[in-house]
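The values are calculated or read from the model by the stated rules, or taken from the named source; none is laboratory data. The shown structure was predicted, so the numbers you read here are calculated from the model rather than taken from an experiment.
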Amino acid sequence: MKKKRFAAAILIIGLLGIACEVTKIVLYDEQISLEWCYSVNQWNYLAYFTVIINLLVDLWLITLSISILVKKKRLYEFLILPHVQGALVLYISSVCLVYCLFLFWFIGPFSESLWWANVMDLWSHLLLPAAMMGIWFIVPHTQVLRWRMLFFWLVLPIIYIILSEVRGLISDWYPYPFFRPSWVLFPVGIFITSACFIGIGSLIITFHNKKVVQNKPRLQKIKK
């Protein structure tokens with residue numbers, strides 16, 4: 001019964017997340033572009049790292065829920081592998097931290113007429129990351145994470161940054177202000193972003209391995 005409740009809860013979170021992203025894609029228009037003083041349309045919106053990671057997390061939650069409800073053990077075990085779940089926790093946590101430390105102070109809240117955008121920004125940058133981190137602690141893990149896994153986790157952000165820079169050079173549109181090479185704070189933005197990924201990834205591996213070591217005696221007693 002507890003597993004079914006857990007599955008139902010994460011299914012609702014995943015579906016709400018998908019609905020949130022679809023709504024933003026449909027409603028993001030010139031009004032938001034003018035308020036941001038930054039060109040945004042539906043296609044550009046899909047180029048944001050936040051959106052990409054939010055969609056990945058939503059799909060992960062929905063798939064995990066289904067694997068529990070229909071009792072697909074192999075799929076469930078794959079989805080909760082520490083290097084799979086850990087990667088998503090790293091990406092969504094970095095989204096939250098970069099937004100709080102850097103982006104919010106440049107973008108700020110939208111006006112009252114765009115209250116729905118504020119609610120969805122809160123969901124995408126704070127609530128969904130909090131939910132994902134909570135799930136990370138709830139789901140039991142027995143495998144330790146090797147430190148080399150951090151380098152594999154960093155491949156996606158590195159590829160994203162490179163593709164964003166290449167696209168920006170071609171179209172003169174960058175998903176984030178600090179991605180523009182001509183901007184005075186370009187080095188600072190890249191440094192903060194990189195530090196967030198490396199720092200959070202290191203914390204995830206450290207705390208995960210400590211949790212595995214602490215859980216081993218308890219799991220051994222259960223098996224006996």
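General remarks:
- Check on SER182, among the polar types (S, T, N, Q) and outside any loop (DSSP other than H, G, I, E, B): no
This table checks each residue for (1) among the β-branched types (Val, Ile, Thr); (2) closer than 30 Å to ALA8 by Cα; (3) at pLDDT 80 or above.
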| site | (1), (2), (3) |
| --- | --- |
| LEU128 | no, yes, yes |
| TYR174 | no, no, yes |
| PHE186 | no, no, yes |
| ALA195 | no, no, yes |
| GLY199 | no, no, yes |
| LEU219 | no, yes, no |
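- Any helices (runs of 4 or more DSSP H) falling wholly within region 1-73 and containing at least 1 residues that are at pLDDT below 75: 2-27, 30-36, 42-45
- Residues (among the hydrophobic types (A, V, I, L, M, F, W, C) and farther than 25 Å from ILE205 by Cα) located in region 63-82: ILE66, ILE68, LEU69, VAL70
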